[in-house]
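Computed from the coordinates by the stated procedures, all read-outs in this text should not be read as laboratory data. In this text, all values refer to a predicted model and were calculated from it rather than measured experimentally. Counting neighbours? That spans all protein chains shown, and the Cβs are built from the backbone with ideal geometry, glycine included.
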Amino acid sequence: MILDALDIMVLSTGALVALSGAMLGTFLVLRGQSMSGDAISHAIVLGIIVAWMVTGARSGPLVVGGAALAGIAAVLGAQALARSGLMAQDSAIGLVFPAMFALGVLLINLNARNLHLDVDSVLLGEIGYIWLDTVTWFGIDLPIAGVTLAAVFGVNAVFLALFWKEQKLAAFDPGLAAALGFRPELLGLALLTLTALTAVAAFDAVGVVLFLAFLIVPAVTGRLVAASVFGIMLVAIVSGVGSVGVGYGAAMYWDVSIGGSMALATGLGLILALMASPRSGFVAMVIRSRAIRMEAMVATLLTHLKTHEGTPEQAEECTHQALVEHLHWREARAQAVVLEALDRGVINRSGKEYTLTEAGRALARAAARRIDRRATEIREGTP
């Protein structure tokens, strides 16, 4: 596929949304404020419409300011309801942002028919038509949406570079951040303000759904894969930008919505992380679970052999047949556990009889002590 100027415009604009979304979304996810991003992205619709109704402007600083204020007002309103004790934080957000979004959509239908704004463009944007509104710099036509997003990306990058340590501390330990004088509430408000500005900048191009997908899903993907904040953000950036390319290619191939395809692609990245992440993916969990079960069965084998070592029943109890009959193991399981123990060098095989090595005896004694200690805790009522 050979890219033309239009393709580059769309891909670069989508990539800028993905970059800003990944940077801000990382800290929103770490702070447990993902729903705040959702509230902002929906509430700005009301801000845009109200600003147009008051000023008559369809773009410019007044519209941007009105939309950003509406987003911040949604979050602050939800927080005020939560602090009142009348409802939980998630319930307050779930109450405020649908109401503001619904009111914005209603005002679009009633008063803004000549604004060239409809519900579909609100939700999915018109990233495929950004070439209709361009500005010429040094003889190059650039989409205004892309230029705006580039400026917003620069502001986001500078802010996080200046307050990187403070944001990390406020995300993981707001109490310590407050004790050190970093004012985590103010840092959180600044983060939400930048989220609102980014949402406004991305609104025309990608709409609410795609912005929200780039804000939350890549950051959650990074959280599943990486352990450090920088690692989470790096994975989020790669996932977000990669989703732009995959989604655009799929949209061109199947002739479907570009914004919807990009949003879906972020979900595919999340599914891949859920399955294959070395930290918390399904495959890794299955492998760890099997390893834990094998460890427990080897400990059971060693304890069984140690219990009967040196007794008259040793010749009968320390055989493969006894493992199957007395430990109630299936033949395949008994063979797997014995092979694992032999590989570890904790047992020896002499004819039909299994005996412990010195390493095996040490592990068996350690297992017996753990069992005795746990039994004592249960008798004494210790959790």
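So how tilted is helix 331-344 from the main axis of the chain? Cα-based, degrees 0 to 90, rounded to 10.
90 degrees
Return a whole-number percent for the relative contact order of the chain, with Cα pairs under 8 Å and 6 or more residues apart as the contact set.
Answer for the chain is 18 percent.
Between 72, 48, 292, which gets the highest mean-square fluctuation from a Gaussian network model of the chain, Cα cutoff 10 Å?
In this elastic network of the chain, the residue with the biggest mean-square fluctuation among 72, 48, 292 is 292.
Once you place label points 7 Å from the Cα toward the Cβ at residue 86 and residue 292, how far apart are they in nm?
For the pair residue 86/residue 292, the computed spacing is 4.4 nm.
Straight distance only, please: which lysines reach the Cα of residue 352 with their own Cα at less than 26 Å, same-chain residues fewer than 8 apart left out?
Leaving aside lysines fewer than 8 places away in the same chain, those within reach of residue 352 are 306.
Multiply the residue gap between residue 256 and residue 336 by 0.36 nm, knock off their C-alpha separation, and tell me the result in nm, one decimal place.
23.6 nm
Could you tell me whether region 70-113 comes out rounded, prolate or oblate from its Cα gyration tensor? Rule is a ≥ b ≥ c as square roots of the eigenvalues, rounded for a/c under 1.5, then prolate if a/b exceeds b/c, otherwise oblate.
Verdict is prolate for region 70-113.
Apply the Karplus curve 6.51 cos²θ - 1.76 cosθ + 1.60, θ = phi - 60°, to the phi angles in region 356-362 and return the couplings in whole Hz, x for Gly and Pro.
Each residue's phi maps through the Karplus curve to give 7, 7, 4, 5, x, 4, 5 Hz.
Take the alpha carbon gyration tensor of region 284-380, find the square roots of its eigenvalues, order them as a ≥ b ≥ c, and report rounded if a/c is under 1.5; if not, report prolate when a/b exceeds b/c, else oblate.
Numbers: a/c = 1.62, a/b = 1.12, b/c = 1.44.
Oblate, since a/c reaches 1.5 and b/c is not below a/b.
Grab the DSSP H runs of the chain that are 4 residues or longer, score each as -39,500 (n - 2.57), total them, divide by all residues and round the 222 nm result to the nearest 500 deg cm²/dmol.
-26500 deg cm²/dmol
I need two numbers for the chain: Rg to one decimal and Dmax as a whole number, Cα atoms only, in Å.
When restricted to Cα atoms, the chain yields Rg and Dmax of 29.7, 98 Å.
Suppose a student asked you for the relative contact order of region 194-290, using Cα pairs under 8 Å spaced at least 6 residues apart; what percent would you report?
27 percent
Under the 0.36 nm per residue contour assumption, what length would be gained going from the current alpha-carbon distance of residue 283 and residue 373 to full extension?
29.1 nm
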